[in-house]
Amino acid sequence: MSTAPDPVELYRQMVRIREFEERVKSSFADHPGVIRGHTHLADGAEASIVGSIAAIRPGDQVMATYRCHGYPIALGTDTTAMLAEIYGRSTGLCGGYGGSMHLADPERGFLGTSGIVGQSIPQATGAAYAAQVRGVGEVVLCFFGDGASKQGAFHESLNIASLWKLPIVFVMENNSFSGSTHRAGGRQRRGGGAVGHQGEGVQHAGRDRRRRRPAAGPRARRRGGRTGPRR
Ligand SMILES: Cc1ncc(C[n+]2csc(CCOP(=O)(O)OP(=O)(O)O)c2C)c(N)n1
Ligand SMILES: [Mg+2]
């Protein structure tokens, strides 16, 4: 999370995420019934995850979706504790209560995830409000899917983030699918709808971490904790 991250290290993180998820996939397949719950993988989103998180600073916070293994790995969470969590062990990251879709590591700024589509959006907006009240310049990075952006909570959150100039960056990971439905609401508008709320929307090729990074960091300007969209 330095200002000029080593591209080799970023690539290493991407490979680490993919290898961890391959292991998760084989664990679910090899031990049916042993692991409770379900899992969602994020193949192809590694550059988006690593490139975006490379732009934040220690103290910043991240909320994400149920495709949630990559974010804590990029933040430095112990992968042994993550795997123990997926197996429901008491030594797991969340004491074995959460499983694959409910990871959290607040010490590293990873506030949590859930299986509820779009959950990250209003919760991250609340975290950004808390960051603004603290006033020490923290920024919240909020990941969500293109399907989640069709929910009312998305527009409510962007509206309040814009009105209150909250220190938050919304990162839509657009894989063109909402469940099994291709482009559920038609093509995404450029900027994912941010422009309609007086926000600044930028669009990047999500598989290229060099293009992801500029999208996240400088956009959330830190002026005494009051940032907000560029007018
Ligand atoms: C509130 C809610 N509604 C519906 C579902 C069922 N559901 C699970 S995944 C999914 C599609 C989500 O699409 P998107 O936000 O684009 O995320 P992706 O899976 O493509 O990463 C839906 C509708 C859910 N989990 N939560
Ligand atoms: Mg999607």
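The values are calculated or read from the model by the stated rules, or taken from the named source; none is laboratory data. Only a predicted model underlies this, so the values are computations on that prediction, with no experimental measurement involved. For neighbour counting, all protein chains shown are included, and Cβ atoms are generated from backbone atoms with ideal geometry for every residue, glycine included.
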(request) Sort through Glu138, Glu107 and tell me the only one that's more than 16 Å from ligand 2 (Cβ to nearest atom), outside any loop (DSSP other than H, G, I, E, B) and not polar (S, T, N, Q). (result) Glu107
(request) Taking only the stretch 17-52 into account, find how many residues are out of contact with any strand residue (DSSP E or B) (no Cβ under 7 Å at 6 or more places or on another chain) and closer than 25 Å to Phe177 by Cα. (result) 25
(message) Going through Ser48, Ser120 one at a time, which residue ends up being in contact (Cβ under 8 Å) with a residue 60 or more places away in the chain and surrounded by 23 or more Cβ atoms within 10 Å (Cβ to Cβ)?
(response) Ser48
(request) Would you check if Phe28 is of a type in the set (Phe, Trp, Tyr), in a helix (DSSP H, G or I) and over 18 Å from the mean Cα position of the chain (by Cα)? (result) yes
(message) Just to be sure I understand, how many residues within the stretch 141-157 are within 16 Å of ligand 2 (Cβ to nearest atom), part of a helix (DSSP H, G or I) and of a type in the set (S, T, N, Q)?
(response) 1
(message) If Asp146 satisfies all but one of (1) modelled with pLDDT under 95; (2) of a type outside the set (Ser, Thr, Tyr); (3) over 15 Å from Met172 (Cα atoms); (4) crowded, with 19+ Cβ neighbours inside 10 Å, what's the number of the condition it fails?
(response) (3)
(message) With the requirement that a residue be closer than 15 Å to Gln119 by Cβ and either surrounded by fewer than 15 Cβ atoms within 10 Å (Cβ to Cβ) or more than 8 Å from ligand 1 (Cβ to nearest atom) (or both), what does the stretch 151-167 give you?
(response) Gly152, Ala153, Phe154, Glu156, Ser157
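Residues checked against (1) in contact with a Lys or Arg (Cβ under 7 Å, 6 or more places away or on another chain); (2) part of a loop (DSSP other than H, G, I, E, B); (3) more than 16 Å from ligand 2 (Cβ to nearest atom):
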residue: Arg16; (1), (2), (3): no, no, yes
residue: Gly33; (1), (2), (3): no, yes, yes
residue: Gly37; (1), (2), (3): no, yes, yes
residue: Ile49; (1), (2), (3): no, no, no
residue: Ile73; (1), (2), (3): yes, no, yes
residue: Met82; (1), (2), (3): no, no, yes
residue: Cys94; (1), (2), (3): no, yes, yes
(request) Being free of Cβ contacts under 8 Å to residues at least 40 places away in the same chain and not aromatic (Phe, Trp, Tyr) is the filter here, so list the residues in the stretch 148-170 that pass it. (result) Lys150, Gln151, Gly152, Ala153, Glu156, Ser157, Asn159, Ile160, Leu163
